[in-house]
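Participant: Dropping a structure here in structure tokens format, bear with me for questions.
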Amino acid sequence: MKSLKPLDLRILAAFMLVWFMLAVPMHAVTWFPLGPYGGDARSFAADPRDSKHLYLGTANGWIYESHDGGESWIRLSQIAKRNDLVIDHILPDARNPHRLVVGAWIVDHPDGGLFISENDGKTWTDVPQMHGQSVRALARSASDPDVIVAGALQGVFRSDDNGSHWSQISPVSSTEIHEVESLAIDPQNPQVIYAGTWHLPWKTVDGGEHWVSIKRGLIEDSDVFSILVDPVHPQIVYASACSGIYKSTDGAAEFKKVQGIPSAARRTRKLEQDPQHLQTVYAGTTEGLYRTLDGGHVWDRVTSSDVIVNDVYVDPSDSGHVLLATDRGGVLRSENFAASFRESNTGFSARQVVAYAVDPRHPAIVYAGVVNDKDAGGVFQSLDGGVQWRQQSAGLGGRDVYSLASTPDGVLLAGTTHGIFRLQDGLWVDTGAWLKSSVKGRRSSRETGIRAASGPAAQSTMDAVVYSLVPGEGNTTYAATSEGLLQSDNAGIAWAPESSLQMREVRFFALEKNILLAAGLKRLALSVNGGVTWSPVALPPDLTQISAVAVDEQQNLWVGGREGVFYSPDNGESWKQINDLEIPQVDAIYFDRAGNRMLLTTAASTMIFSVQLPDHKVRYWDTGWKLRFARPVGDHLLGATLYDGVVVQPKMVDSSFGSSYVRQGSKVDDGVVISQRR
């Protein structure tokens, strides 16, 4: 692979230097995150001293901050170093803005907790009394800031000392006041607390000694997602539920359903009032943002219906400045009272990158494929080696992208959850609609499970999951799919089932010259004649399941799994392990031709492992991130994190390594671990 041009390297270096100086202390993160920007954003909070200093909670445990009103973001810290915490609530302390209280929960698991920072969110401590609680709601009293209430799956909890100590104030044995999704405190009386559950709301006027149901006027069994109490007229209470939005003018004695929001937009996750114009209320729903200017009589949708809103921030010093935290699309920003929005995600990345490709003609042009972001995801392109990204997903229809490949002529192919696509004039075209069915030596459509009509290039309904795309020589490309191994001889325009390979599902594929290696989760097959014939290969005796394969320039076979990495110098007749290298759960193996080395990654660690060929010297880099895979970009390395986009090596130096991965008999040389034996 060619190196990046000097200008590209200068751009990359300058970007990283600025990011390094402004964002993170040297010891905090070794490698720099570069996007693609966007992803799931969950919650906002503002510094009481400065409404432009904002905090952003995510679905992967990270807290971000902004000093320019959300125009750009900086990674601040990850709560408990966990990537499964959903941060839906952040509470700054107006008397001591350095102190933050955060509530967290975990998807599909009754776990989470409360965490406190005393240094502006840089470090966090777990609150022991709330350890393991799935905290879904958090509210601070405006009249007594020491009073905080938390809503969890087990009920309502209260702290009277700013979050340090907690006690449950809902009845422990209650069959009703549990699974608390929303909370609000009367702005004038901290003893008056509202709690919304997954099955209607409740109220206490004595700090939790007694609770009463406040369901009058609500449709039965309504999940209450948000409760809003007017700061000037606390008898006015809004509640949002799966059945709509409700308003009470008598302290929740009775609710009336407001009109104007279609019944389809049932899940209203957030209600937010304009602090300068109390008749203006925003409703963030699963089908866009709605707004009322008259206290709920008339509502208008001010975004498109495909925007899923998790939180709304209205700047108290400038109510024209409105931010939305959204699923997949990250942060949306308005400067005109929500009349229009634009993306505001610079520095914020919560993308799950699982695929990567580089244009062989222009190495600074790289592509990343993401999953779980639907129309906001797909494929992202960078023209400067990953410094800046732009979405390029028109035609993918919101499909997840599992694999990418760029042919020698620069044709980009995408393997998705439903077929193979080819980028043509900025638009993705489904190439799986055309499948050769009468090619000599290919399996029939009945054998492959792909339905095809008659003719040499017949239309098909091929809808396979495409796990891997691998370019071969010339215009040849291979696709490992849920319906077997496919081959294209014309840069992805048409595809045909590979010849005598008897493997129904191919998850992994690698090639080197005439050596082809195909694998399922527990099967391995080899062709030494370019795919004319195939032979089964026995797995390494200690390997229980395959998660990665590769072939190096010396035609050694490589296979990895939860038991480590193995290689074979004799076409699978025997398998060996690299001395002085123990890697649990190998997730990716990549042959870096330019560096003549194998790059190994595992989600169980933050390391990248490099095995130099042919002497098998081993090097380690601690990236600071758990990675899916690593790839070379010029003379740097780039890694795809589990949930945080891509990260790049700041410079080609070796950082600290974990001694737990090194067996006895190795030595350390300037930060490089070098294997002494083979």
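Participant: Name the residues in region 555-568 that are over 14 Å from residue 517 (Cβ atoms) and outside any strand (DSSP E or B), would you?
Facilitator: Across region 555-568, the qualifying residues are 562, 563.
Participant: Please enumerate the residues belonging to region 571-595 that are loosely packed, with under 15 Cβ neighbours inside 10 Å and either hydroxyl-bearing (Ser, Thr, Tyr) or in contact with a Leu (Cβ under 9 Å, 6 or more places away or on another chain) (or both).
Facilitator: Listed by number, the list holds a single entry, 574.
Participant: Also, quick follow-up: Any residue in region 596-610 that is within 11 Å of residue 584 (Cα to Cα) sitting within a Cβ distance under 9 Å of a residue that is of a type in the set (Asp, Glu) and assigned to a strand (DSSP E or B)? List the pairs, counting only those 6 or more apart or interchain.
Facilitator: That search, which allows pairs on different chains as well, returns 605/622.
Participant: Using beta carbons and a limit of 7 Å, which pairs, at least six apart or on different chains, have the first residue in region 271-282 and assigned to a strand (DSSP E or B) and the second one among the aromatic types (Phe, Trp, Tyr)?
Facilitator: Short answer, once both residue conditions are applied: 271/238; 272/282; 281/238.
Participant: Return the total of residues in region 556-567 being surrounded by fewer than 21 Cβ atoms within 10 Å (Cβ to Cβ) and either over 17 Å from residue 612 (Cβ atoms) or touching a residue at least 60 places away in the same chain (Cβ under 8 Å) (or both).
Facilitator: 3
Participant: Could I ask something else about it? Is it fair to say residue 364 is assigned to a loop (DSSP other than H, G, I, E, B), buried (at least 22 other Cβ atoms within 10 Å of the Cβ) and on the phi > 0 side of the Ramachandran plot?
Facilitator: So residue 364 fails the test.
Participant: Pick from region 111-166 the residues that are of a type outside the set (S, T, N, Q) and in contact (Cβ under 8 Å) with a residue 60 or more places away in the chain: which of them is nearest to residue 186 (Cα to Cα)?
Facilitator: 142
Participant: A follow-up question, please. For the subset of region 553-586 comprising residues that are farther than 17 Å from residue 539 by Cβ and among the charged types (D, E, K, R), which member is modelled with the highest pLDDT?
Facilitator: Among residues in region 553-586 that are farther than 17 Å from residue 539 by Cβ and among the charged types (D, E, K, R), the one modelled with the highest pLDDT is 553.
Participant: Answer yes or no as to whether residue 426 is free of Cβ contacts under 8 Å to residues at least 40 places away in the same chain and not charged (D, E, K, R).
Facilitator: Criteria met by residue 426.
Participant: Identify, from the list 328, 351, the residue that is basic (Lys, Arg), surrounded by fewer than 24 Cβ atoms within 10 Å (Cβ to Cβ) and under 22 Å from residue 640 (Cα atoms).
Facilitator: None of the other options fit; the residue is 328.
Participant: Further question: How many of the residues making up region 253-301 are in contact with a Cys (Cβ under 6 Å, 6 or more places away or on another chain) and over 14 Å from residue 226 (Cα atoms)?
Facilitator: So the answer is 0.
Participant: Kindly indicate whether residue 334 is touching a Gly at 6+ places or on another chain (Cβ under 9 Å) and free of Cβ contacts under 8 Å to residues at least 24 places away in the same chain.
Facilitator: Spelling it out, residue 334 is indeed touching a Gly at 6+ places or on another chain (Cβ under 9 Å) and free of Cβ contacts under 8 Å to residues at least 24 places away in the same chain.
Participant: Given the criteria buried (at least 21 other Cβ atoms within 10 Å of the Cβ) and in a strand (DSSP E or B), does residue 113 qualify?
Facilitator: Criteria met by residue 113.
Participant: Among the hydroxyl-bearing types (Ser, Thr, Tyr) and within 22 Å of residue 51 (Cβ to Cβ): which single residue out of 117, 159, 134 fits that description?
Facilitator: After ruling out the rest, the residue left standing is 117.
Participant: Please tell me if residue 327 is in contact with a strand residue (DSSP E or B) (Cβ under 9 Å, 6 or more places away or on another chain) and more than 16 Å from residue 41 (Cβ to Cβ).
Facilitator: Answer is no for this residue.
Participant: Would you tally the residues in region 56-95 being in a strand (DSSP E or B), small (Gly, Ala, Ser) and buried (at least 23 other Cβ atoms within 10 Å of the Cβ)?
Facilitator: Matching residues across region 56-95 total 2.
Participant: Which of the numbered conditions does residue 322 fail, given that it passes all the others? Conditions: (1) under 26 Å from the mean Cα position of the chain (by Cα); (2) of a type outside the set (Gly, Ala, Ser); (3) modelled with pLDDT under 95.
Facilitator: Result: residue 322 passes all but (3).
The values are calculated or read from the model by the stated rules, or taken from the named source; none is laboratory data. Values in this document were obtained by computation on a predicted structure and should not be read as measured data. Methodologically, a virtual Cβ is constructed for each residue, glycine included, from the backbone with ideal geometry; neighbour enumeration extends over all protein chains shown.
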